[in-house]
Amino acid sequence: SEFWQATLGAEYIREDIEGRLNVYLPTHRRNVYQTASSDTPLVAGTGIYIQSPTTRIEEAQPGLDAEVGFKIPDFSKYVGTSRAYVGAYYFKGDETPDVTGGRVRIKSDITTFLQIGARAQYDAERGAQYFAEVTFHFPGVIHRPDRPSLWSRLADIPERDVDIVTAERNQVGSRTPLTDQETGAPARFVYVDQRADPPSADGSVEHPFPTISGALAIARPYDTVYIAANP
């Protein structure tokens, strides 16, 4: 599915500390699809069923993220200013599970036009994710030598999630049992397979009886006994 969203953000930047908040608003929330119904009966337990179509719901989740960052004292003569950040994010699902997680990242200015960074984040839905980043700035445009560093940072690319958080849920269709024409009640089938395991046998297709006598012991009027053909 294709989704669009609006992003609203605010930043607070000082030389030694900074903070950010972003809000994500999908322009529409969900798309709903139905799978084609199958004409093949479904055998389960002691019945035969017709499966109605399954509904698939794809949803774009609105949410927000926030982080705070701190300047790291110089630790190498080969690396310029470095900053570390810690943050959290939350996305709300109506038909799908919420996504809640945390994120840490670090970035360092190598030169006036080269910046490197790394980040890690985790949430229960998507697990752990790791990223490495390399950013190039055109000299003389982003980091102008005639302006203070704080002023030049106002031209940095805003920090935000560039993807739209989406999730999917499958709503399995209902099962309609095959009915007996004589009684009008759901048809009942008892299964026999000589290779079956006797302790778990209950006459279902998953756990058939190993002998015909076991099936006859529980058979009711109008029941059908299926015997597997074995070599």
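Just so it is clear, none of the values below were taken in a lab; they were calculated from the coordinates. Everything quoted here is computed from the prediction, not taken from an experiment. With ideal geometry, Cβ positions are generated from the backbone for all residues, glycine too; neighbour counts draw on all protein chains shown.
Using 0.36 nm per residue, how much length does the chain from Ala217 to Thr183 gain when fully extended, once their Cα-Cα distance is taken away?
That pair, Ala217 and Thr183, stretches by 10.1 nm at full extension.
Report, for the chain, the % of DSSP beta bridges that are antiparallel, rounded to 5.
Here the antiparallel bridges make up roughly 95 percent for the chain.
List the residues, sorted by chain then number, that are 5 or more residues from Ala196 or on another chain and whose placed amide H is less than 5 Å from its amide H.
It is none; the list stays empty.
Compute the projected area of the convex hull of the Cα atoms of region 61-145, averaged over all viewing directions, and report it in nm² to one decimal place.
The number I arrive at for region 61-145 is 6.9 nm².
In 10 Å bins starting at zero, report the fraction of Cα pairs in the chain per bin as a rounded %.
7, 20, 18, 13, 11, 11, 9, 7, 3, 0
Gain in length, Ala88 to Tyr226, computed as 0.36 nm per residue apart minus the alpha-carbon separation, to one decimal in nm?
So the chain would gain 43.9 nm between Ala88 and Tyr226.
Given the Cα-Cα distance of Thr100 and His207 and 0.36 nm per residue of separation, how much length would full extension add, in nm?
So the extension gain works out to 34.3 nm.
Per DSSP H run of n ≥ 4, the term is -39500 (n - 2.57); total these for the chain, divide by its residue number, and report the mean residue ellipticity at 222 nm rounded to 500 deg cm²/dmol.
Only helices count here, giving -1000 deg cm²/dmol.
Can you give the FRET efficiency for Asp74 and Thr27, using 1/(1 + (r/R0)^6), R0 = 30 Å, r = Cβ-Cβ distance, to the nearest 0.05?
After rounding to 0.05, the efficiency reads 0.10.
Above 12 Å lies some portion of the pair distances; for region 51-103, what is it as a whole percent of all C-alpha pairs? Kindly include the intermediate steps, with their values, before the conclusion.
Numbers: 1016 of 1378 pairs.
Tail of P(r) above 12 Å: 74 percent of Cα pairs.
Choose one answer from Glu182, Glu11, Glu58: the residue with the largest mean-square fluctuation in a GNM of the chain with alpha-carbon springs under 10 Å.
The residue with the greatest mean-square fluctuation here is Glu182.
For the pair Arg160 and Asp197, how long in nm is the line joining their label points, each one 7 Å along Cα→Cβ?
With each label point 7 Å from Cα toward Cβ, the separation is 5.6 nm.
Taking the chain as a Gaussian network, Cα atoms linked when under 10 Å apart, which of Thr112, Thr183, Thr27 shows the biggest mean-square fluctuation?
In this elastic network of the chain, the residue with the biggest mean-square fluctuation among Thr112, Thr183, Thr27 is Thr183.
Taking H placed 1.01 Å from N in the peptide plane, check which residues at least 5 places from Val165 or on another chain put their amide H under 5 Å from its amide H.
Those qualifying (amide H under 5 Å, at least 5 residues apart or on another chain) are Gln61.
I need the P(r) histogram for region 163-231: all alpha carbon pairs, bin width 10 Å from 0 out to the longest distance, whole percents.
Whole-percent P(r) values from 0 Å outward: 19, 34, 23, 12, 7, 5, 0.
When all C-alpha to C-alpha distances in region 1-78 are sorted into bins of 5 Å, what percent of pairs does each bin hold, rounded to whole numbers?
3, 11, 11, 10, 9, 8, 8, 8, 7, 6, 5, 4, 4, 3, 1, 0
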